[in-house]
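The values are calculated or read from the model by the stated rules, or taken from the named source; none is laboratory data. Not measured: the values here are computed from a predicted model. Counting neighbours? That spans all protein chains shown, and the Cβs are built from the backbone with ideal geometry, glycine included.
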Amino acid sequence: MAVTNNITQFKKHIKSILPANIKNQIIPRKIHAYCVGMPKTGTTSLYAMLDSNYRSEHEVEYQAVSRFLYSNPTKEELLRYFKRRDDQLWLEFESSWFIGYCAEVFVELFKDAKFIVTVRDCYSWLDSIINNQINYKNPNDETYDHTWLKVLFGELPQTYAEEEKVLCDNELYPLDTYLSYWTRENEKLLHVIPEDRLLLLKTSEISNSTETIARFLGVSSSTFDVRKEGSNKAVAKHNILAEIDRDYLDAKFEKHCAPLMQRLFPEYKRAG
């Protein structure tokens, strides 16, 4: 085991010190792409599909990256950090929410890279992110921290609307915080990433889109392992939204998400 670890560390060291043009000769990238969807939009599925035949990772080093982002770095610091990180990891495909969070930096830094934006309807996304937050409130992994939530949503507020008491009781964020993020982040990704480098992929259609993904990446779909198409489904569902007045909830969805939902999911009909 010690020998294996030493070899792994040696390879990482070699990758970190070699110039990119030399690395491309010795350890060439067959593709260079990112899945940049928000958390709970299918990023695990994309990573798992490509993991067998490409150097693929899902949210690798995400805790260190989260803490770095929480320190409010300048653009120059972001560029240096992610360039150095890329030199060290030298991945072909990475699927991580924080790359979408820093989309402007990655578009500028890696001019030949392609980006898959996984997008999920605001209703099921909200339910999923809430389930995820509750399920990992007290994780078994003592190295786990919740800095990523602070990066995306900020600090928990001191006061909540009376209708959102269930969110307060469960140490969740207000509806305005979640839903404004859903709209703001998706709009940013569609605006910042050039159209010729962008593939928009609905979460519900990932499993039926292997040919589309393969064409976009310029590879054969036979290199994908659909058996490993990951799922990051909630280990438990808590039905928190069912405890909020339906009219109040609908008004929040309408306020924050209606125009973008109509654009991205014109055919969507919410269950009664």
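Which of the helices (runs of 4 or more DSSP H) found entirely inside the stretch 31-138 contain at least 2 residues meeting this: under 11 Å from the mean Cα position of the chain (by Cα), among the charged types (D, E, K, R) and surrounded by 18 or more Cβ atoms within 10 Å (Cβ to Cβ)?
Values: elements: 43-50, 62-70, 75-89, 97-101, 103-109, 122-135.
Passing ranges: none, list empty.
Residue-level analysis places L156 outside the set of residues that are in a helix (DSSP H, G or I), farther than 30 Å from K30 by Cβ, free of Cβ contacts under 8 Å to residues at least 60 places away in the same chain and of a type in the set (A, V, I, L, M). The set of residues in the stretch 167-184 being buried (at least 16 other Cβ atoms within 10 Å of the Cβ), in contact (Cβ under 8 Å) with a residue 12 or more places away in the chain and more than 14 Å from L126 (Cα to Cα) is empty.
Residues of the stretch 226-272 that are of a type in the set (A, V, I, L, M, F, W, C), part of a helix (DSSP H, G or I) and at pLDDT 95 or above: L241, A242, L249, A251, F253, C257, A258, L260, M261, L264. Does V192 meet the test of being out of contact with any helix residue (DSSP H, G or I) (no Cβ under 8 Å at 6 or more places or on another chain), β-branched (V, I, T) and buried (at least 17 other Cβ atoms within 10 Å of the Cβ)? In short, no. In the condition set (1) among the β-branched types (V, I, T); (2) out of contact with any strand residue (DSSP E or B) (no Cβ under 9 Å at 6 or more places or on another chain); (3) more than 17 Å from E104 (Cβ to Cβ), V60 is compliant with all but (2).
Listed by first and then second residue, the pairs linking a residue in the stretch 95-117 that is of a type in the set (D, E, K, R) to a residue that is part of a loop (DSSP other than H, G, I, E, B), with Cβ atoms under 7 Å apart and 6 or more places separating them unless they lie on different chains, are D112/H32.
Before we move on, is L179 under 18 Å from the mean Cα position of the chain (by Cα), closer than 20 Å to S128 by Cβ and not in a helix (DSSP H, G or I)?
So L179 fails the test.
Within this structure, W90 fails the test of being within 24 Å of I31 (Cβ to Cβ) and in contact with a Pro (Cβ under 6 Å, 6 or more places away or on another chain).
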